[in-house]
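Asks: Got a structure here, written out as structure tokens. Questions coming.
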Amino acid sequence: MALIVQKYGGTSVGSIERIQHVAAKVIKATENGDQLVVVVSAMSGETNRLITLANQIMDRPPARELDVLVSTGEQVTIALLSMAIQQAGHKARSYTGTQIKMLTDDAHGKARILDIDAEKITNDLNNGNIIVVAGFQGADEQGNITTLGRGGSDTSAVAIAAALKADECQIYTDVDGVYTTDPRVEPKARKLDKITFEEMLEMASLGSKILQIRSVEFAGKYNVPLRVLSSFEEGDGTLITLEDDQMESAVISGIAFNRDESQLTISGVPDQPGIASNLLGPISEANIEVDMIIQNVSEDGTTDFTFTVHRNDYDQALEIMNKTSEQVKAEKVTGRQDIVKISIVGVGMRSHAGIATTMFKALADEGINILLISTSEIKISVVVHEKYLELGVRTLHSAFGLEQQA
Ligand code: ADP
Ligand code: ASP
Ligand code: MG
């Protein structure tokens, strides 16, 4: 007997028929005696609909109230799925994040999971129930409802799997696994049978929305076997796993991209020790994550400083930088939101030279101008104008031969 955590995303529970289909799949999975915990997202489009409602009242709704609002989407799905399972003659119980004491910190909208009370779930499982849990949500120590960031149900599922020491965490979605890049952008993308935690983590953090980054972090940290599968087709999906000898030996395993980039530049900053921390301190205090940072070589005692943030944080970051600019007596602050980031990822890069050259040449041959570059041991990222996103991804996919069988 195994204990399996399954997660179904928005599209997979997007209508009553699909919820009934999920109920049938879940019930089938228990036929061999396995115990099942099912984590669900809101019905597709629902979270966006709720955010739009809030924005009709105000531009920047208070994060606490926004969490109360957006967490309702998942509460609808758990109730409906639990009903569908019971209607098919099986025992099921639904739980919100608060009910299973999914404790998080108080960073509304991007809360981190601290602890889960596994006892209730375990008791219910042992009484023959299928457990249906609302993804994406928890509560802080004061009992305020929190949410885990977009795509957060993946992380709820992995965290529950870790807490219960489940045998596998299965993420059911609208594609049949992890591909070399988003198959909606490059139809020639190839499904991977396996990918390492390290590569998946890099792909997720560079924008591949197939898994929320924290879910991969969690799975790697607690060694939760994680698999991405289709809700609609049979198949083995993609296993996210530790590195082993049988892994495909491709140098580049995938291309990730992020459309949600924006860039801020503060120019004419008096160049002196401490400027980076003076400029970025207030940004990080506002809980805004900074991604790429570039400080230009200083000329005549002043320098330019550029960094990128998520587009959602752009307005707030600009406001903060304008204030900082006055304080440090900089010349001006400029910014743009028409940029995207494309990255190539692969553990094989460690032992291969010339990857960056291949990348830059392939982009140049297509007339794609690179605005920013950043590298690490297993990835190279470039920021380009958003009009080049599709072309850039396809160009690199082909330049590294990803469409072919490795
Ligand atoms: P869910 O609602 O089930 O959580 P998501 O929309 O969050 O689904 O994630 C699935 C989507 O991720 C796919 O439809 C696909 O467009 C996108 N995606 C991005 N990168 C990849 C990739 N490398 N492999 C597969 N799908 C990807
Ligand atoms: N419903 C949330 C979202 O749309 C969480 C999730 O689907 O994972 O981001
Ligand atoms: Mg998702």
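The values are calculated or read from the model by the stated rules, or taken from the named source; none is laboratory data. Everything numeric in this text was worked out from a predicted model, so none of it was measured. Every residue, glycine as well, gets a Cβ built from its backbone with ideal geometry; the counts of neighbours run over all protein chains shown. Ligands, DNA and RNA are excluded from the accessible area calculation, which covers all protein heavy atoms including side chains. Shrake-Rupley method; radii C 1.70, N 1.55, O 1.52, S 1.80 Å.
Asks: Just to verify a number: FRET efficiency for THR72 and GLU299, C-beta to C-beta distance, R0 = 41 Å, to 0.05?
Replies: Details: r = 54 Å, r/R0 = 1.32.
Using R0 = 41 Å, I get an efficiency of 0.15.
Asks: Going by amide H atoms built from the backbone, whose H comes under 5 Å of the H on VAL38, apart from near neighbours?
Replies: GLN6, ILE131, VAL132, VAL133
Asks: While we're on this one: For the chain, give the share of DSSP beta bridges that are antiparallel, in percent and rounded to the nearest 5; count only bridges with both residues there.
Replies: Of the beta bridges lying entirely in the chain, close to 60 percent run antiparallel.
Asks: Report the calculated FRET efficiency for PHE360 and GLU390 (r = Cβ-Cβ distance, R0 = 22 Å), to the nearest 0.05. If you can, show how the numbers build up before the last one.
Replies: Details: r = 19 Å, r/R0 = 0.85.
E(calc), rounded to 0.05, equals 0.75.
Asks: Let me ask something additional. Gain in length, ASN123 to ARG49, computed as 0.36 nm per residue apart minus the alpha-carbon separation, to one decimal in nm? Walk me through the intermediate numbers first.
Replies: Working: separation 74, 0.36 × 74 = 26.64 nm, distance 3.57 nm.
Full-extension gain reported as 23.1 nm.
Asks: Determine ³J(HN,Hα), in whole Hz, for all residues of segment 16-29 in sequence, where each value follows from phi through the Karplus function 6.51 cos²θ - 1.76 cosθ + 1.60 and θ = phi - 60°; x replaces Gly and Pro.
Replies: These are the phi-based 3J(HN,Hα) values: 4, 4, 5, 5, 5, 5, 5, 4, 5, 5, 5, 4, 4, 5 Hz.
Asks: Could you report the chain's accessible area per residue, 1.4 Å probe, as an integer in Å²? Don't skip to the answer; put the middle values down first.
Replies: Values: 18840 Å² over 406 residues.
Per residue, the chain has an accessible area of 46 Å².
Asks: Roughly to the nearest percent, how much of the accessible area of the chain is carbon and sulfur, given a 1.4 Å probe?
Replies: Working: 8920 of 18840 Å².
Solvent-exposed carbon and sulfur of the chain make up 47 percent of the total.
Asks: Next question, about the same structure. Which three lengths, in whole Å and largest first, does the chain cover when its Cα atoms are put on their principal axes?
Replies: Principal extents (Cα only, largest first): 76, 50, 33 Å.
Asks: With charges only on Cβ, +1 for K and R and -1 for D and E, what is the dipole size of the chain about its Cα centre, in debye, rounded to 20?
Replies: Details: 36 positive and 56 negative charges, 150 e Å.
It works out to roughly 720 debye.
Asks: Kindly state, as a whole number, the per residue volume in cubic angstrom of the convex hull around the alpha carbon atoms of segment 1-149. Could you put the intermediate results ahead of the total?
Replies: Numbers: hull volume 14.2 nm³, N = 149.
Looking at segment 1-149, the number lands at 95 Å³ per residue.
Asks: Continuing with this model, one more query. For the chain, what is the relative contact order in percent, using Cα pairs closer than 8 Å and at least 6 residues apart in sequence? Kindly include the intermediate steps, with their values, before the conclusion.
Replies: Working: 869 pairs, mean separation 54.8, N = 406.
So the answer I get is 13 percent.
Asks: Sort 162-172, 13-23 by packing, meaning the average of other beta carbons within 10 Å per residue, with the highest value first.
Replies: Output ranking for 162-172, 13-23: 162-172, 13-23.
Asks: How large is the Kirkwood hydrodynamic radius of segment 81-140, in angstrom, based on all distinct alpha carbon pairs?
Replies: Numbers: mean 1/r = 0.0811 Å⁻¹.
It works out to 12.3 Å.
Asks: How much FRET efficiency would the formula 1/(1 + (r/R0)^6) give for GLN99 and GLN337, where r is the Cβ-Cβ distance and R0 is 41 Å, rounded to 0.05?
Replies: Values: r = 40 Å, r/R0 = 0.96.
With R0 = 41 Å, the Cβ-Cβ based efficiency is 0.55.
Asks: Which of rounded, prolate, oblate describes segment 201-286, given a ≥ b ≥ c as roots of the alpha-carbon gyration tensor eigenvalues and a/c under 1.5 marking rounded, otherwise prolate only if a/b is larger than b/c? Walk me through the numbers on the way to the answer.
Replies: Numbers: a/c = 2.62, a/b = 2.48, b/c = 1.06.
Judged from the Cα gyration tensor, segment 201-286 comes out prolate (a/c at least 1.5, a/b above b/c).
Asks: Can you bin segment 136-220 into rounded, prolate or oblate? Criterion: square roots of the alpha carbon gyration tensor eigenvalues sorted a ≥ b ≥ c, rounded for a/c under 1.5, prolate for a/b above b/c, oblate for the rest.
Replies: Numbers: a/c = 2.37, a/b = 1.76, b/c = 1.35.
Verdict is prolate for segment 136-220.
Asks: OK, next. Using 0.36 nm per residue of separation minus the Cα-Cα distance, give me the extension gain between GLN86 and THR375 in nm, one decimal. Intermediate results must be reported in sequence, preceding the final value.
Replies: Numbers: separation 289, 0.36 × 289 = 104.04 nm, distance 5.15 nm.
Additional length available on full extension: 98.9 nm.
Asks: Just tell me which lysines come within less than 30 Å, Cα to Cα, of LYS332; anything on the same chain fewer than 8 places away is out.
Replies: Within the straight-line cut-off, LYS332 pairs with LYS323, LYS341, LYS387.
Asks: Another one. For SER298, what charge total do you get from the other residues with a beta carbon under 13 Å from its beta carbon, if Lys and Arg give +1 and Asp and Glu give -1? Intermediate values should be presented prior to the final figure.
Replies: Numbers: positive: none; negative: ASP271, GLU299, ASP300, ASP304.
The answer is -4.
Asks: Moving to a separate point now. Which one, VAL297, VAL158, VAL384, has the greatest fluctuation when you compute a Gaussian network model over the chain with C-alpha springs under 10 angstrom?
Replies: Of VAL297, VAL158, VAL384, the Gaussian network model singles out VAL297 as fluctuating most.
Asks: At q = 0.17, 0.20, 0.24 Å⁻¹, what base-10 log of I(q)/I(0) does the Debye formula yield for segment 229-330 when every alpha carbon is treated as an equal point scatterer in vacuo?
Replies: Once normalised to I(0) and log-transformed, intensities are -0.80, -0.98, -1.28.
Asks: Also, quick follow-up: By how many nm would the segment from GLN404 to GLN316 grow when fully extended, if each residue of separation counts as 0.36 nm and the alpha-carbon distance is taken off? It would help to have the intermediate numbers written out before the result.
Replies: On the way: separation 88, 0.36 × 88 = 31.68 nm, distance 4.38 nm.
Stretched fully, the GLN404-GLN316 segment lengthens by 27.3 nm.
Asks: With 25 Å as the limit, write out which pairs from LYS7/LYS194; LYS165/LYS188; LYS191/LYS379 have Cα-Cα distances beyond it, or answer none. List each step's numbers first, then the result.
Replies: Numbers: LYS7/LYS194 19 Å; LYS165/LYS188 37 Å; LYS191/LYS379 20 Å.
Beyond 25 Å: LYS165/LYS188.
Asks: Okay, moving on. Got a sec to turn the phi values of segment 129-141 into Karplus ³J(HN,Hα) couplings, 6.51 cos²θ - 1.76 cosθ + 1.60 with θ = phi - 60°, whole Hz, x for Gly and Pro?
Replies: In residue order, the calculated couplings are 8, 8, 9, 10, 10, 6, x, 6, 10, x, 8, 7, 4 Hz.
Asks: Please report, to one decimal in angstroms, the Kirkwood hydrodynamic radius of segment 318-406 built from all distinct Cα-Cα pairs. Mind dumping the intermediate values first?
Replies: Details: mean 1/r = 0.0665 Å⁻¹.
Here the Kirkwood hydrodynamic radius works out to 15.0 Å.
Asks: Now, a different point. Could you tell me which of rounded, prolate or oblate describes segment 277-317, using a ≥ b ≥ c as the square roots of the eigenvalues of the alpha-carbon gyration tensor, with rounded for a/c under 1.5 and, failing that, prolate when a/b is larger than b/c and oblate otherwise?
Replies: Working: a/c = 2.79, a/b = 1.99, b/c = 1.41.
Taking the square roots of the gyration eigenvalues as a ≥ b ≥ c, segment 277-317 is prolate.
Asks: Still on this model: Determine the distance separating the Cα centre of segment 346-406 from the Cα centre of segment 169-218; give it in Å without decimals.
Replies: Taking the Cα centre of segment 169-218 as reference, the centre of segment 346-406 is 18 Å away.
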